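The values are calculated or read from the model by the stated rules, or taken from the named source; none is laboratory data. These numbers were taken from a predicted model, which means no experiment stands behind them. Here the Cβ positions follow ideal geometry from the backbone for every residue, glycine too, while neighbour counts run over all protein chains shown. The accessibility values were calculated without ligands, DNA or RNA, using every heavy atom of the protein model including side chains. Shrake-Rupley method; radii C 1.70, N 1.55, O 1.52, S 1.80 Å.
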Amino acid sequence: DAGITQSPRHKVTETGTPVTLRCHQTENHRYMYWYRQDPGHGLRLIHYSYGVKDTDKGEVSDGYSVSRSKTEDFLLTLESATSSQTSVYFCAISRDSNNQPQHFGDGTRLSIL
Amino acid sequence: DQQVKQNSPSLSVQEGRISILNCDYTNSMFDYFLWYKKYPAEGPTFLISISSIKDKNEDGRFTVFLNKSAKHLSLHIVPSQPGDSAVYFCASPGGSNYKLTFGKGTLLTVNP
């Protein structure tokens, strides 16, 4: 199993509060990703990183920001959480070559009331 | 617009029989495809992949077939086992390298 740890695994918070999710990897992979999974939508990419301090937007990036200050950690921040951001969030990693599979963490279930 | 489509939300098969999960894509430039399996409360697990230079890739009980002219791929599981019961996603990085686009998934139930 790829060494990916997501924290927290579960979180309940209120609308308008800031939330930060953490993804930690021990594989020294260059690429890291944040996805959300919602019923009827599969997994959708929020943001990704292709190196330390190098990040870019995915298809559903509004309301989210990310940071990557070191190879092993990729943080996802909801500056002011909304109920529409209630979801399961998955972090993934991949090596720095084309057509390599991404490996996923076990997810964070986030509920915003 | 969905670029990777899984049109069957669910599939039920008997243990020992073949499971066939289908996936269609819209962009003929897509050249690499992956299948993931997901159990409840766990992350997706990579299962098998195929490059467009092939039309078949096999790994044990799992075989993926790619029909480029039809823009269609399928995952065959033979024989199916109850432990295969999970949601299966097909995905492709498309033309964007690294950024996977997923189908909505198919829930496979294998009945003992």
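Given the condition open to solvent by 60 Å² or more (accessible area, probe 1.4 Å) and at pLDDT below 95, answer yes or no: does some residue in segment B:84-95 qualify?
Here is the first cut: in segment B:84-95, the ones open to solvent by 60 Å² or more (accessible area, probe 1.4 Å) are B:95.
Narrowing further to those that are at pLDDT below 95: B:95.
Looking for residues that are open to solvent by 60 Å² or more (accessible area, probe 1.4 Å) and at pLDDT below 95, one finds at least one in segment B:84-95, hence yes.
Which number in (1) assigned to a strand (DSSP E or B); (2) open to solvent by 30 Å² or more (accessible area, probe 1.4 Å) marks the one condition that A:Leu43 misses?
Status for A:Leu43: all satisfied but (2).
Please enumerate the residues belonging to segment B:32-54 that are assigned to a loop (DSSP other than H, G, I, E, B) and more than 8 Å from chain A (Cβ to nearest Cβ). I'd like the intermediate steps shown before the answer.
Of the residues in segment B:32-54, the ones assigned to a loop (DSSP other than H, G, I, E, B) are B:39-44, B:52-54.
B:Tyr39, B:Pro40, B:Ser52, B:Ile53, B:Lys54 - these are the residues of segment B:32-54 that are assigned to a loop (DSSP other than H, G, I, E, B) and more than 8 Å from chain A (Cβ to nearest Cβ).
In segment B:17-31, which residue that is assigned to a loop (DSSP other than H, G, I, E, B) and closer than 14 Å to B:His76 by Cβ is least open to solvent (accessible area, probe 1.4 Å)?
Residues of segment B:17-31 assigned to a loop (DSSP other than H, G, I, E, B): B:17-18, B:26-31.
With closer than 14 Å to B:His76 by Cβ added as a condition, the list becomes B:17-18.
Details: B:Arg17: 155, B:Ile18: 81 Å².
The selected residue is B:Ile18.
Each row is one residue, and each column tells you yes or no for (1) touching a residue at least 12 places away in the same chain (Cβ under 8 Å); (2) farther than 26 Å from A:Ile46 by Cα; (3) touching a Phe, Trp or Tyr at 6+ places or on another chain (Cβ under 9 Å).
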position: B:Leu47; (1), (2), (3): yes, no, yes
position: B:Glu58; (1), (2), (3): no, yes, no
position: B:Val64; (1), (2), (3): yes, yes, yes
position: B:Pro82; (1), (2), (3): yes, yes, no
position: B:Thr101; (1), (2), (3): yes, no, yes
position: B:Thr109; (1), (2), (3): yes, yes, no
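From A:Ser111, A:Ser80, which residue is assigned to a loop (DSSP other than H, G, I, E, B) and in contact (Cβ under 8 Å) with a residue 12 or more places away in the chain? Walk me through it before giving the result.
Working: A:Ser111 fails: assigned to a loop (DSSP other than H, G, I, E, B).
The conditions single out A:Ser80.
Regarding A:Gly105, is this residue in contact with a Cys (Cβ under 7 Å, 6 or more places away or on another chain) and buried (at least 17 other Cβ atoms within 10 Å of the Cβ)? First the steps, then the outcome.
Numbers: in contact with a Cys (Cβ under 7 Å, 6 or more places away or on another chain): yes; buried (at least 17 other Cβ atoms within 10 Å of the Cβ): yes.
Yes; evaluated as a whole, the condition is true for this residue.
Restricting to segment A:67-102, count the residues that are out of contact with any Lys or Arg (no Cβ under 8 Å at 6 or more places or on another chain), under 27 Å from B:Ile48 (Cα atoms), open to solvent by 60 Å² or more (accessible area, probe 1.4 Å) and not polar (S, T, N, Q).
Total meeting the criteria: 1.
For B:Ala70, which of the numbered conditions (1) within 14 Å of chain A (Cβ to nearest Cβ); (2) of a type in the set (A, V, I, L, M); (3) open to solvent by 30 Å² or more (accessible area, probe 1.4 Å); (4) closer than 14 Å to B:Val4 by Cα fails to hold?
It is condition (1) that B:Ala70 fails.
Hey, does segment A:11-25 have a residue that's of a type in the set (Lys, Arg), open to solvent by less than 70 Å² (accessible area, probe 1.4 Å) and modelled with pLDDT of 95 or more?
Scanning segment A:11-25, I find no residue that is of a type in the set (Lys, Arg), open to solvent by less than 70 Å² (accessible area, probe 1.4 Å) and modelled with pLDDT of 95 or more, so the answer is no.
Report yes if some residue within segment A:37-50 is farther than 30 Å from B:Asn7 by Cα and either within 14 Å of chain B (Cβ to nearest Cβ) or in contact with a strand residue (DSSP E or B) (Cβ under 8 Å, 6 or more places away or on another chain) (or both); otherwise report no. Working first, answer last.
Of the residues in segment A:37-50, the ones farther than 30 Å from B:Asn7 by Cα are A:49-50.
This time we only want the ones that are either within 14 Å of chain B (Cβ to nearest Cβ) or in contact with a strand residue (DSSP E or B) (Cβ under 8 Å, 6 or more places away or on another chain) (or both), so: A:49-50.
Yes, the conditions are met somewhere in segment A:37-50.
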